[in-house]
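The next block holds one structure in the form of structure tokens; read it before the comments.
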Amino acid sequence: MMLRRGFIIFLPRLAGLLVVACCSVSIVYMLACTPRGDSQQLALPRAHSPTAKEGYEAVLQEREEQHRNYIVSLKKQITQLKAELQGRSEKLKSVQDQFPGPLDTRLDHSSPQKAQANLLAFLRAQIDRAEVHSGVKLSTEYAAVPFESFTLQKVYQLETGLTRHPEEKPVRKDKRDELVEVIELAVGSLNDPEGDGNAKHRVYAASDFVEGIYRTEKDKGTLYELTFKGDAKHQFKKIVLFRPFGPVMKVKNENVNMADTLINVIVPLAKRASKFRQFMQNFREMGIQQDGRIHLTVVYFGKEQMSEVKSILENTSKSANFKNFTFVQLNEEFSRGKGLDVGARVWKGNNVVLFFCDVDIYFTAEFLNSCRLNTQPGKKVFYPVLFSQYNPSIIYSHQDSIPPLEQQLVIKKETGFWRDFGFGMTCQYRSDFINIGGFDLDIKGWGGEDVHLYRKYLHSNLLVVRTPVRGLFHLWHEKRCPAELSPEQYRMCMQSKAMNEASHGQLGMLLFRQDIETHLRRQKLGSKKT
């Protein structure tokens with residue numbers, strides 16, 4: 001009974017507590033959900049209010065006005081930022097003009113002092129850009145620029161071609177003068193040390209020079225490191241010099257119209273009718289069909305195979321409707337110089353570009369344009385370095401058949417070499433050829449006359465443009481070494497023949513062919529046993 005009485009007394013209290021809790025929850029909910037005041041959020045009108053529609057419209061208008069004001073504020077900020085950016089850009093430009101960077105040098109010619117300061121700043125920046133104080137990250141091993149080494153007498157070089165040697169005396173005057181100047185400058189620097197003016201120092205001479213290395217980064221300059229004997233054994237003096245390249249400067253801006261520039265291709269010939277047929281196929285496609293501004297002069301020696309050669313020329317003339325050719329026949333011993341000289345002088349028209357050519361040459365229409373662009377009467381002549389083809393029978397011996405000629409004309413070290421010792425293919429205006437005196441007609445046979453003419457141009461005031469070209473090929477043909485040659489001449493002839501046959505690696509494969517075949521047979525026998 002006591003327990004029941006206590007429960008009855010506690011029950012009203014529990015009910016009161018529940019009522020208080022529910023009220024508290026309701027109050028909290030109302031406080032949380034009631035719209036904020038004007039300072040934080042606009043209060044929306046009650047749904048049951050008689051002016052609910054007008055209230056909503058007023059709130060929306062006020063919201064729209066707030067957004068409009070915010071957009072105006074953003075526009076003002078953007079305008080201010082643009083003005084600030086423009087101001088900073090003008091300041092940066094002013095600094096760049098005052099202290100030009102390596103790629104943005106502006107020389108103010110109205111102020112010599114400023115131009116000199118700008119140039120000096122540029123040259124100093126070149127040292128920082130080059131690999132002088134530290135190296136740079138390179139993508140592959142082929143990206144490294146190698147050094148070449150030199151002594152007082154010799155240069156040791158990597159890029160030799162066929163006329164330069166791994167070790168040689170500097171033949172070119174510019175290279176010789178460059179190294180002499182660098183050594184003299186280094187000696188002067190050693191004999192004029194900075195500071196310590198009253199101290200006595202040994203006097204250095206060029207004979208103290210031990211060795212040096214140098215390399216050129218085409219867009220920055222040439223780095224030289226020279227080593228001299230020191231004051232005692234095992235001691236050395238090292239001088240590091242840098243010849244910075246200056247900023248690129250515009251020299252000329254001109255329009256060149258070659259629409260009416262005719263090229264007279266002069267070919268001396270004796271026999272070789274089959275080679276002439278191949279040449280005319282190339283001449284018809286590239287010279288007549290693609291270029292169209294071309295004349296052909298054939299100077300033929302003797303009468304053997306002459307009728308066949310004339311027939312090939314006449315057939316091409318009829319089929320291609322080509323009339324711009326001249327055929328000259330000479331009843332005398334073949335002389336390349338005489339043939340080219342006669343072909344040049346027989347021309348009776350206006351001044352014309354002469355292209356001295358051979359029957360075993362293949363040229364493209366692009367080369368004919370290079371021939372025009374690199375010649376100028378009274379100013380420059382063109383001596384292209386052509387690409388000489390190796391023996392196709394060796395190059396393509398691993399294939400089932402030799403590909404067509406057009407597919408063979410690929411410039412790679414496996415297919416040929418730059419014929420940098422040859423000067424026979426050349427372009428010049430007829431007036432320059434006549435004024436220089438033409439060929440030496442005392443030279444008979446094949447060879448020698450081209451070098452003689454080349455030297456004439458080098459000794460003149462004409463600019464000689466000498467460069468490899470991608471559109472001029474010397475087609476391979478067998479080189480014969482006559483039995484009547486002396487032992488020394490025969491040896492040299494065979495060396496020349498080997499050089500024209502294949503690359504070093506390909507000749508090595510021929511030499512070791514038996515070893516390679518033996519190895520392959522052993523491999524096959526081993527695979528069968530397993």
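Can you work out the FRET efficiency for the pair ALA121 and HIS234, with r the C-beta to C-beta distance and R0 = 35 Å, to the nearest 0.05?
Details: r = 40 Å, r/R0 = 1.16.
Once the sixth-power term is evaluated, E becomes 0.30.
Would you work out the relative contact order for region 263-507, in percent, from Cα pairs under 8 angstrom that are 6 or more residues apart?
Across region 263-507, relative contact order equals 25 percent.
Given charges of +1 on the Cβ of Lys and Arg and -1 on the Cβ of Asp and Glu, with all other atoms neutral, how large is the dipole of region 263-507 about its Cα centre, in debye to the nearest 20?
On the way: 30 positive and 24 negative charges, 122 e Å.
Dipole of region 263-507, to the nearest 20 debye: 580 debye.
Could you please report the charge total around LEU340, scoring K, R as +1 and D, E as -1 over all other residues with beta-carbon less than 13 angstrom from its beta-carbon?
-1
So what's the net charge close to GLU501: Lys and Arg +1, Asp and Glu -1, counting the other residues with Cβ under 12 Å from its Cβ?
On the way: positive: LYS479, LYS497; negative: GLU478.
So the environment of GLU501 carries a net charge of +1.
How many angstrom separate the Cα center of region 420-439 from the Cα center of region 336-358?
Rounded to whole Å, the Cα centres lie 9 Å apart.
Once phi is turned into θ = phi - 60°, what whole-Hz ³J(HN,Hα) does the Karplus curve with 6.51, -1.76 and 1.60 give for every residue of region 300-311, x standing for Gly and Pro?
9, 9, x, 10, 5, 6, 5, 4, 5, 5, 5, 5
Placing +1 on the Cβ of each Lys and Arg and -1 on the Cβ of each Asp and Glu in region 263-507, which of HIS452, GLY471, TYR429 has its Cα farthest towards the positive end of the resulting dipole?
Result: TYR429.
What FRET efficiency, computed as 1/(1 + (r/R0)^6) with R0 = 30 Å and r the Cβ-Cβ distance, is obtained for LYS169 and LYS479, rounded to the nearest 0.05? Please report the intermediate quantities before stating the final value.
Working: r = 30 Å, r/R0 = 1.00.
My answer for the efficiency is 0.50.
Given labels modelled 7 Å from the Cα in the Cβ direction, how far is it in nm from VAL410 to SER527?
Here the modelled spin labels are 2.5 nm apart.
When the accessible area of region 263-507 is computed with all protein chains present and a 1.4 Å probe, what percentage of it is carbon and sulfur?
On the way: 5870 of 11870 Å².
Carbon plus sulfur share of accessible area: 49 percent.
Can you tell me the length gained on complete extension of the stretch ALA498 to GLN290, counting 0.36 nm per residue apart and subtracting the Cα distance? Mind dumping the intermediate values first?
Working: separation 208, 0.36 × 208 = 74.88 nm, distance 3.60 nm.
Computed gain between ALA498 and GLN290 is 71.3 nm.
Applying 1/(1 + (r/R0)^6) with R0 = 45 Å to the Cβ-Cβ distance of LEU262 and LYS82, what FRET efficiency is obtained, to the nearest 0.05?
On the way: r = 60 Å, r/R0 = 1.32.
The pair LEU262/LYS82 has a calculated efficiency of 0.15.
In what sequence, largest accessible area first, do LYS318, LYS497, LYS271, LYS76 appear using a 1.4 Å probe? Walk me through the intermediate numbers first.
Details: LYS318 160, LYS497 50, LYS271 95, LYS76 130 Å².
Of LYS318, LYS497, LYS271, LYS76, the descending order of accessible area is LYS318, LYS76, LYS271, LYS497.
With label points built 7 Å along Cα→Cβ from the Cα atoms of ASP420 and SER319, find their separation and express it in nm.
4.0
Using heavy-atom solvent-accessible surface (probe 1.4 Å) with all chains present, what is the largest-first order of SER397, SER503? Don't jump to the answer; show the numbers that get you there.
On the way: SER397 75, SER503 20 Å².
Of SER397, SER503, the descending order of accessible area is SER397, SER503.
Which percent, to the nearest 5, of DSSP beta bridges fully inside region 263-507 are antiparallel?
Working: 12 of 38 bridges.
Given both bridge residues lie in region 263-507, the antiparallel proportion sits at roughly 30 percent.
What number comes out for accessible area per residue over region 263-507 if the probe is 1.4 Å? Units Å², please.
On the way: 11870 Å² over 245 residues.
Per-residue accessible area for region 263-507 comes out at 48 Å².
Among SER388, PRO377, ASN500, which residue has its Cα positioned farthest towards the positive end of the charge dipole of region 263-507, with +1 placed on the Cβ of Lys and Arg, -1 on the Cβ of Asp and Glu, and the dipole taken about the Cα centre?
The Cα lying farthest towards the positive end belongs to PRO377.
The values are calculated or read from the model by the stated rules, or taken from the named source; none is laboratory data. Everything quoted here is computed from the prediction, not taken from an experiment. Glycine gets a Cβ as well: all are built from the backbone with ideal geometry, and neighbour counts include every protein chain shown. Remember, those area values only see protein heavy atoms, side chains included, never the ligands or the DNA or RNA. Shrake-Rupley method; radii C 1.70, N 1.55, O 1.52, S 1.80 Å.
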